[in-house]
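Heads up: the structure comes next, in structure tokens.
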């Protein structure tokens, strides 16, 4: 997505010549979102949870689409000065094709590369943890028994401003 919120697209080698467009997620996408959500998570979000996030002025949501088919989505909310990645999912039939990376890249374009981001991820979700680490997220602790469905712990991850953009200390 461009800085103005316009859809962008990119070439995905795993999908051949297919173009994946990243655009704002809309209310009309929710039937497909719920289908992906239910196939992706043991404790899926409800329709109401998506409606609340889409209605918040402090949130943004991104869709990854191939034509009319929704392949994945991401929801990010602003809390004070930091962004919280609330939910990200890719259709199980479209995984391992760079769509999750595309969604995270679109998030950084929309929220700003210099912003701080946080998220929680299941300790067992090694693929997601590796993806987040490739985008600069680092573990900052654990929330014990965070997930209500099975009591699994969550790793809290943060993506801070890049070190190259930090001001240099004066007088040292």
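Throughout, read-outs are computed from the coordinates displayed, never taken from laboratory work. The structure presented is a predicted model; accordingly, all values stated were derived computationally and were not measured. Quick reminder, even Gly has a Cβ in these numbers, built from the backbone with ideal geometry, and neighbours come from all protein chains shown.
Peptide packing for 67-74, 130-137 was compared via the average number of neighbouring C-beta atoms within 10 Å per residue; ordered from the highest value, the list is 67-74, 130-137. Suppose R0 equals 35 Å. What FRET efficiency, 1/(1 + (r/R0)^6) with r the Cβ-Cβ distance, do residue 28 and residue 78 give to the nearest 0.05? It comes to 0.90.
For a paramagnetic label modelled on residue 127 (point 7 Å from Cα along Cα→Cβ), amide N atoms under 19 Å away belong, within the stretch 65-81, to 65-66, 70-75.
Label separation (residue 135 vs residue 95): 1.6 nm, computed from points 7 Å beyond Cα along the C-beta direction. Over its Cα atoms, what ratio of radius of gyration to 2.2 N^0.38 Å does the stretch 8-115 give? Dividing the Cα Rg of the stretch 8-115 by 2.2 N^0.38 Å gives 1.02.
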